[in-house]
1. Specify the residue that is nearest to GLY145 (Cα to Cα); the eligible residues are those in the range 1-59 that are in contact with a Lys or Arg (Cβ under 8 Å, 6 or more places away or on another chain) and free of Cβ contacts under 8 Å to residues at least 24 places away in the same chain.
2. Which is closer than 30 Å to ASN5 by Cβ and charged (D, E, K, R), of LYS114, LYS76?
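Derivation of every value follows stated rules applied to the coordinates shown; laboratory data play no part. Because the structure is predicted, anything quoted here is derived from the model rather than measured. Note: ideal-geometry Cβ built from the backbone for every residue, glycine included; neighbour counts use all protein chains shown.
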Amino acid sequence: MDALNRSSATIRIFGDSLDPDEISRILGCKPTEAHVKGQIRYKSTVYKTGGWLLEATAQEPCDLDRQVAELFSRVKKDVAAWAGLSQEYEIDLCCGIFMEETSEDIAISADTMKLLSERGIKLEICIYAPTPDVRLDDPCPCKSGKIYGECCAPKPKG
């Protein structure tokens, strides 16, 4: 069977008292996106909690192991620091899997699972079936608060 069409991977850290600058200092990396609790977001809604997000480069075809390796090459490898963060905040690795067909396979290596486990990071996988009826200016089906064209829509090649 062919590899999945496309994947995304994001380290996400959430917490009411989260200070994005402090998380960046601890991890030695600036986030792709960050916010504090109460900050205004898309269409005048308010973030219910603070967040620090680091996105990997999208992969076509899907390669979650490569995306995880990319993410963790950008942050400190200090397992104790990660353990401290996971005691105070909710941390996950959110993976988006974008299917082109109705039945496709995915594999995640034992090394990747070990890396996540050592740091107390939950793996969350969101599977998206083909979305031919979603317009680019519609809200994204992944519920990010962004429009589909700026979030999960396939990017033009080239």
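1. Among those that are in contact with a Lys or Arg (Cβ under 8 Å, 6 or more places away or on another chain) and free of Cβ contacts under 8 Å to residues at least 24 places away in the same chain, it is TYR47.
2. Details: LYS76 fails: closer than 30 Å to ASN5 by Cβ.
After applying the criteria, what remains is LYS114.
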